[in-house]
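Written below as structure tokens is the structure these notes are about.
Read the figures in this text as sums done on the coordinates, not as results from a lab. Keep in mind it's a predicted model, so treat the numbers as computed, not measured. Note: ideal-geometry Cβ built from the backbone for every residue, glycine included; neighbour counts use all protein chains shown.
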Amino acid sequence: MATLSAYSSPPWPNSDPNSDLLSTQDEIDSQAHSPSESQSNDSLSSTMPPDPDPDPNPNPNPNPITNYNTSISSPPQSTSTPPLISLLHISFNQDFGCFAAGTDHGFRIYNCDPLREIFRRDFDGDGNSGGGGIGVVEMLFRCNILAIVGGGPDPQYSPNKVMIWDDHQSRCIGELSFRSEVRSVKLRRDRIIVVLEQKIFVYNFADLKLLHQIETIANPKGLCAVSHGAGSLVLVCPGLQKGQVRVEHYASKRTKFIMAHDSRIACFSLTQDGQLLVTASTKGTLVRVFNTADGTLLQEVRRGADRAEIYSLAFSSTAQWLAVSSDKGTVHVFSLKINPGSPGIDRSQSTDEPNLAVTSPASSLSFFKGVLPKYFSSEWSVAQFHLPEGSQYIVAFGHQKNTVVILGLDGSFYRCQFDPVNGGEMTQLEYHNFLNPPEAIL
């Protein structure tokens with residue numbers, strides 16, 4: 001059951017972050033919130049203002065969305081001693097060019113290359129809200145619309161609510177309320193996806209109308225992935241069985257179930273276009289890549305022999321490389337030899353670029369495949385980077401060639417480069433603590 005509220009505000013923003021006409025409003029009317037007449041939609045009750053303009057292509061001038069470019073920087077100008085900050089959440093935006101951090105005092109947005117704090121919002125807590133803790137921050141590319149959820153021991157908002165934050169106005173312009181805690185939120189230009197423990201809600205971004213509900217197995221991590229390419233929406237979530245993933249193809253109205261692992265699903269990720277899916281189980285030894293259209297297993301790689309908790313999986317923009325981070329303190333980069341258009345075809349037979357990439361090392365006993373255990377014919381990572389153990393790290397491929405960006409819940413930021421020909425240990429290019437960045441990167 002979800003309750004939808006929209007605050008008194010200008011027309012609901014067009015969520016296209018690539019518009020050339022994203023301009024600042026001259027004046028924003030910020031009257032007190034006043035609920036309107038509610039109406040029922042299945043289990044969703046909404047309180048939305050009437051559509052202000054039936055024109056499907058309204059004048060974009062009053063649009064409150066703006067793009068955050070790397071030239072924009074607004075760090076706090078406080079002269080007082082800053083409070084000690086605890087990180088509750090970190091996540092990349094959709095193109096991995098920025099990342100968001102939720103803290104026990106608010107949230108912060110950073111540019112990745114170069115590393116730069118774009119802005120921060122620290123909540124001191126007042127009579128109308130909580131103590132400042134933000135447990136989920138989801139960006140929409142580089143625009144000023146965010147989805148935030150309260151978290152930590154002293155949350156700013158109820159953990160049962162998704163707050164739609166417009167940083168152009170420095171306030172919430174809408175909220176979605178639920179009967180249980182929100183585990184994660186995913187944003188697209190046209191959709192808002194809210195993940196609860198055993199249910200997922202898909203909303204239309206333009207009017208927050210509920211479009212779809214999905215039942216899942218217990219999903220405490222809020223696992224969900226959506227495509228972000230120009231094409232139609234592909235959504236992946238846990239199925240109703242252990243080890244199963246569910247793939248929703250909304251354009252063709254098809255649902256595909258894939259039995260990806262014997263153990264519970266621990267992590268998964270999609271390519272931007274939604275054609276490839278990578279999964280890992282709670283065992284954390286094998287990582288598998290599937291074609292989302294038909295569920296075909298395209299490639300299997302081995303992270304290691306010991307059980308591990310997989311924290312993140314990431315494709316490179318060309319799907320030539322795959323990065324994996326885990327609680328073992330090592331980030332692995334694997335070479336993928338698949339073509340999304342032709343499942344199972346070696347990349348060297350289809351790529352337009354010279355095939356200089358080293359292939360994933362395999363055991364010298366691979367000719368015994370089918371006789372000896374699979375371990376001896378496994379594909380291993382071509383490049384590795386070792387991190388201090390004890391923190392949780394997520395990884396993405398950088399915009400510089402053959403680089404990865406690693407973020408830690410201890411505030412660490414690493415930029416590393418791997419050798420696509422020889423592989424081996426990655427080279428550390430940068431290290432910063434983004435919670436206490438030097439003046440040079442502010």
Prolate/oblate/rounded call for the stretch 156-311, Cα gyration tensor, a/c under 1.5 rounded: prolate
Report, ordered by chain and residue number, the lysines lying within cross-link reach of LYS401, taken as a straight Cα distance under 24 Å and ignoring same-chain residues fewer than 8 apart. LYS337
Between ASP306 and ASP262, what is the label-point separation in nm under the 7 Å Cα-to-beta-carbon projection? 2.2
Multiplying the sequence separation of HIS212 and ASP154 by 0.36 nm and subtracting their Cα-Cα distance, what value in nm do you get? 17.7 nm
Taking a ≥ b ≥ c as the square roots of the eigenvalues of the Cα gyration tensor, with a/c under 1.5 meaning rounded and otherwise prolate when a/b exceeds b/c and oblate if not, the stretch 127-243 is oblate
What is the spin-label model distance, in nm, from HIS386 to SER177 if the labels are put 7 Å beyond Cα along the C-beta direction? 5.3
Computed FRET efficiency, Cβ-Cβ of LEU84 and LEU240, R0 25 Å: what is it to the nearest 0.05? 0.05
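Just subtract the alpha-carbon distance of ASN433 and LEU297 from 0.36 nm times their residue separation and send over the number in nm, one decimal.
On the way: separation 136, 0.36 × 136 = 48.96 nm, distance 3.89 nm.
Separation in residues times 0.36 nm, less the Cα-Cα distance, equals 45.1 nm.
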